[in-house]
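The values are calculated or read from the model by the stated rules, or taken from the named source; none is laboratory data. All values derive from a computational prediction rather than experimental measurement. Because the Cβ atoms are built from the backbone with ideal geometry, glycine has one as well, and the counts that use them run over all protein chains shown.
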Amino acid sequence: MPMPEREVSTQPEPPKNVAPVREDEQQTRGWSLKVNGVEVPGVSFVELVQSKMGTRAEYGKTEAGHDGLAIEETGGGGSVIVPYYIMDGELYVGGVEENRPNSGGKVWNVPRGFLDPGMTHFAMAQQELAEEAGFVPIEKRIRELRGAPMNPNSTYFVAKGPDKGVRAFVVAVQPSEVSAVQASDDPQERVFGFNPDVLRPVSPTGEKVMKSRFIHWTKALGEKDMFGVAATGRLVAEQFATQPKPTPAPAR
């Protein structure tokens, strides 16, 4: 006995993070959609989904009540990890110089990356450190910085919930693992690098970018990459918070 044909719904599936823009709002929405260079009129919502990475970008009416974009990543965001080194009481932050076309070319940044589906933020931080810096310390040396997971741009990125967003991790580097690349009497001008014998590139990418450089935290906070600036800021705040507090002078 033949099976009855299953009806296929012709109703569009609603978007996840936006609502459709009504027909009467199309004239004033201010956005236009082009596909292969051809403008498509009367668009109520758009979805672009990368299923392998669990990333989706949507256009429609946002919860704020106006039309715009909503971008959601796995876990609400990836992981950032900051190698750091302390010498003579001064904090130095390790990063790599990578080509970031959206930033105009080569940019100094700390290791970071998207969160793969099914992977924890901690494991992703560990992987990015190995791939981008070639540094593979034992797990207990890696720890997460205090603070809520970060949203890189709350206008466009979706990171709902206390556990969603970009998480920042750090790993303390020992004196035996680095050496001076640029010596100076001024602590802010000193630059350090990993000793080659502590690096183990785990991928072709790691072989290209594993030449990390540790720069003074004041210079790291002036770099262009937002993720590096934010994670460095949290590390600096932690370092100041844990310093011994001066003993107040006795009242006269």
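Go through (1) more than 23 Å from ARG167 (Cα to Cα); (2) touching a Gly at 6+ places or on another chain (Cβ under 9 Å); (3) among the β-branched types (Val, Ile, Thr) one by one and return the number of the condition VAL107 breaks.
With (1) more than 23 Å from ARG167 (Cα to Cα); (2) touching a Gly at 6+ places or on another chain (Cβ under 9 Å); (3) among the β-branched types (Val, Ile, Thr) applied to VAL107, the lone miss is (1).
If you take the residues in segment 169-201 that are of a type in the set (Val, Ile, Thr) and surrounded by fewer than 16 Cβ atoms within 10 Å (Cβ to Cβ), which one is farthest from GLY89 (Cα to Cα)?
For segment 169-201, the residue satisfying everything is VAL198.
Taking VAL49, is it of a type in the set (Val, Ile, Thr) and assigned to a strand (DSSP E or B)?
yes
Quick one: which of GLY94, GLY75 is surrounded by 21 or more Cβ atoms within 10 Å (Cβ to Cβ) and over 21 Å from ASN195 (Cα atoms)?
One residue alone meets the criteria, GLY75.
Scan segment 145-161 and tell me whether some residue there is surrounded by 13 or more Cβ atoms within 10 Å (Cβ to Cβ), touching a residue at least 60 places away in the same chain (Cβ under 8 Å) and over 22 Å from ARG56 (Cβ atoms).
Looking through segment 145-161, at least one residue is surrounded by 13 or more Cβ atoms within 10 Å (Cβ to Cβ), touching a residue at least 60 places away in the same chain (Cβ under 8 Å) and over 22 Å from ARG56 (Cβ atoms).
Considering only residues that are assigned to a loop (DSSP other than H, G, I, E, B) and at pLDDT 65 or above, look in segment 235-247 and name the one that is nearest to ILE81 (Cα to Cα).
Taking the candidates together, the pick is THR242.
Does segment 97-135 hold any residues that are surrounded by fewer than 17 Cβ atoms within 10 Å (Cβ to Cβ), more than 24 Å from SER51 (Cβ to Cβ) and among the small types (Gly, Ala, Ser), and which are they?
SER103, GLY104, GLY105, listed by residue number.
May I ask you to list the residues in segment 78-91 that are crowded, with 17+ Cβ neighbours inside 10 Å and in contact with a Lys or Arg (Cβ under 9 Å, 6 or more places away or on another chain)?
Correct list: GLY78, SER79, VAL80, ILE81, VAL82.
Yes or no: segment 91-98 includes at least one residue that is of a type in the set (A, V, I, L, M) and without any contact (Cβ under 8 Å) to a residue 60 or more places away in the chain.
Within segment 91-98 (the criterion being of a type in the set (A, V, I, L, M) and without any contact (Cβ under 8 Å) to a residue 60 or more places away in the chain), the answer is no, since none of the residues qualifies.
Out of the residues in segment 35-71 that are basic (Lys, Arg) and at pLDDT below 90, which is nearest to the chain's Cα centre (by Cα)?
LYS52
Restricting to segment 178-200, count the residues that are more than 27 Å from the chain's Cα centre (by Cα) and touching a residue at least 60 places away in the same chain (Cβ under 8 Å).
Count: 1.
Checking the structure you have, find out if any residue of segment 99-121 is more than 15 Å from ASN17 (Cα to Cα), outside any loop (DSSP other than H, G, I, E, B) and of a type in the set (A, V, I, L, M, F, W, C).
Within segment 99-121 (the criterion being more than 15 Å from ASN17 (Cα to Cα), outside any loop (DSSP other than H, G, I, E, B) and of a type in the set (A, V, I, L, M, F, W, C)), the answer is yes, since at least one residue qualifies.
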